[in-house]
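A.B. asks: Okay, here's the structure, questions in a sec.
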Amino acid sequence: MPVAVIWLVFGLVLAGAEALTGDMSLLMLAGGALAAAGSTWLLSWPVWADAAVFLVVSILLLVLVRPALRRRLAPATGLPTGIKALEGRSAVVLDRVARDEGQVKLDGQVWTARPLNEDDVFEPGERVTVMQIDGATAVVFKDL
């Protein structure tokens, strides 16, 4: 069996194994094997030269192509939704916000609020930042 066919079969086996893993590593090695098959078919190089082509092309694919391919195929992190989308937003104090009392207007809605630090007090009209949502209560901190 010619050496080029062996490299070709090796590349196809690696590509098929990639379908089981999904890590993109075996696909890069398959690309190296196909490059080695092409070089031995076109140039009739000795086996050690084909192995060098396999090694160089595989490393280049692993280092240069795989990271970009994984970023491209990775699921995108979507925008935060629900109460997570409210964290970090600015709000206006409507009623005095102290340890156990207060209301803020957040994104057009009125929320009960409490300060992040229990000793803080915010007066009506002040702008605060929502640090987190605790149940139906906005935990706020003074805007800088």
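The values are calculated or read from the model by the stated rules, or taken from the named source; none is laboratory data. Remember, predicted model here, so these are calculated numbers, not experimental data. Positions of Cβ are backbone-derived with ideal geometry, glycine not excepted, and every protein chain shown enters the neighbour counts. The protein model used for the area step is the full one, side chains on, heavy atoms only, and it has no ligands, DNA or RNA in it. Shrake-Rupley method; radii C 1.70, N 1.55, O 1.52, S 1.80 Å.
A.B. asks: Mind counting the residues in segment 23-34 that are open to solvent by 50 Å² or more (accessible area, probe 1.4 Å) and modelled with pLDDT under 90?
C.D. replies: 1
A.B. asks: Could you list, in sequence order, the residues of segment 23-49 that are more than 23 Å from Arg71 (Cβ to Cβ) and of a type outside the set (Gly, Ala, Ser)?
C.D. replies: Listed by number, the residues that qualify are Leu34, Thr40, Trp41, Leu42, Leu43, Trp45, Pro46, Val47, Trp48.
A.B. asks: Right, something else. In segment 78-98, how many residues are open to solvent by 90 Å² or more (accessible area, probe 1.4 Å) and either in a strand (DSSP E or B) or over 11 Å from Val140 (Cα atoms) (or both)?
C.D. replies: So the count comes out to 4.
A.B. asks: Only one of Val130, Val110 is part of a strand (DSSP E or B) and crowded, with 17+ Cβ neighbours inside 10 Å. Can you tell me which?
C.D. replies: Residue meeting the stated conditions: Val130.
A.B. asks: Tell me, which residue of segment 47-56 that is modelled with pLDDT of 90 or more and not acidic (Asp, Glu) is most open to solvent (accessible area, probe 1.4 Å)?
C.D. replies: Going through the qualifying residues, I end up with Trp48.
A.B. asks: Oh, and also: Sort through Leu8, Leu20 and tell me the only one that's assigned to a helix (DSSP H, G or I) and either under 29 Å from Arg71 (Cβ atoms) or outside the structural domain of Val63 (by the TED database) (or both).
C.D. replies: Leu20
A.B. asks: Continuing with the same structure: Return the pair list, or none, for Cβ contacts closer than 8 Å from residues in segment 79-93 that are free of Cβ contacts under 8 Å to residues at least 60 places away in the same chain to residues that are open to solvent by 40 Å² or more (accessible area, probe 1.4 Å) and among the basic types (Lys, Arg), at least 6 apart or on different chains.
C.D. replies: What qualifies is Ser90/Arg127; Ala91/Lys105; Ala91/Arg127; Val92/Lys105; Val92/Arg127; Val93/Arg127.
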